[in-house]
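Enquirer: This is the structure I have questions about; it appears just below.
Only the coordinates and a few stated rules stand behind these numbers; no lab work does. Please read all numbers here as calculations on a predicted model, not as lab measurements. Ideal geometry is used to build each Cβ from the backbone, glycine not excepted, and the neighbour counts take in all protein chains shown.
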Amino acid sequence: MKKAKALIFDFGGTLDIDGVHWYDLWKEGYRSIGLDIGEKTLEDAYYDAEENLNKASALDVNYRSLILLKADLQLKFIYSRNISVKPPLKIVANQLAGFCYTEVLKGAKKSLKVLHRLNHSYKNAVVSNFYGNLNIVLKELQLFDYFDTTVDSKTENIRKPDAQIYLLAAKRLGVQPEDCVFVGDSYPQDIIPSKDLGFGTIMIRKKEDDLSAYPKADLIIKSVETLTDYL
């Protein structure tokens, strides 16, 4: 791994739930409350909720409220598909949000420990396709003070994988792309575009699969907790 001056992190799936894709966490959440939703319906509901939020105005809510909003949007989509089992939407949404937020708190606690150890060794940034409330969420999870700058796609009107969003973070940190390492869980949105710009790349990948499928990842780790072992 190249020696870096700056670390640039993805947020969702990286700093919050430690290498788990949010779709997979939602799927686990539905299972945990005994709601049997078909794979295709659940996938459609997940991406429909994301699309609606991406089109909406910037949000100013905390993470617990954002997750609850996503649960509400997903369930409205699912219930509109005439799913036979329909517990009260508000109750189910709160159960789902509670499950997911508990996992977020666990993941954020891991990230907090790592960022504390790295704090004086690197300049740090977050780049995220988010909803205008990234800083609110980082403060809620006690992560905000460990970053020199943050880049929220909604605020900047740029979304990954647009090269400009990664370059903006590097510029704000006062470093060149070749002096940065990007840490993220998404190969197409985090690893490929940042590597193409000259960043070093670390991918967090929980799933056991063919790691040779990710040639642009300089390093693949299973948890943010092990990050300091390689830097």
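Enquirer: With respect to G29, determine if the residue is surrounded by 18 or more Cβ atoms within 10 Å (Cβ to Cβ), of a type in the set (G, A, S) and assigned to a helix (DSSP H, G or I).
Expert: yes
Enquirer: With the requirement that a residue be in contact (Cβ under 8 Å) with a residue 24 or more places away in the chain and out of contact with any helix residue (DSSP H, G or I) (no Cβ under 6 Å at 6 or more places or on another chain), what does region 71-91 give you?
Expert: Once the filter is applied, which keeps residues that are in contact (Cβ under 8 Å) with a residue 24 or more places away in the chain and out of contact with any helix residue (DSSP H, G or I) (no Cβ under 6 Å at 6 or more places or on another chain), region 71-91 yields I83, V85, P87.
Enquirer: Return the residue satisfying two criteria in turn: it lies in region 46-89 and is among the hydrophobic types (A, V, I, L, M, F, W, C) and not in a helix (DSSP H, G or I), and of such residues it is surrounded by the most Cβ atoms within 10 Å (Cβ to Cβ).
Expert: L59
Enquirer: Separate question: Can you pull out the residues in region 168-188 that are closer than 20 Å to N157 by Cα and either in contact with a helix residue (DSSP H, G or I) (Cβ under 6 Å, 6 or more places away or on another chain) or surrounded by 21 or more Cβ atoms within 10 Å (Cβ to Cβ) (or both)?
Expert: Those that are closer than 20 Å to N157 by Cα and either in contact with a helix residue (DSSP H, G or I) (Cβ under 6 Å, 6 or more places away or on another chain) or surrounded by 21 or more Cβ atoms within 10 Å (Cβ to Cβ) (or both): A169, A170, L173.
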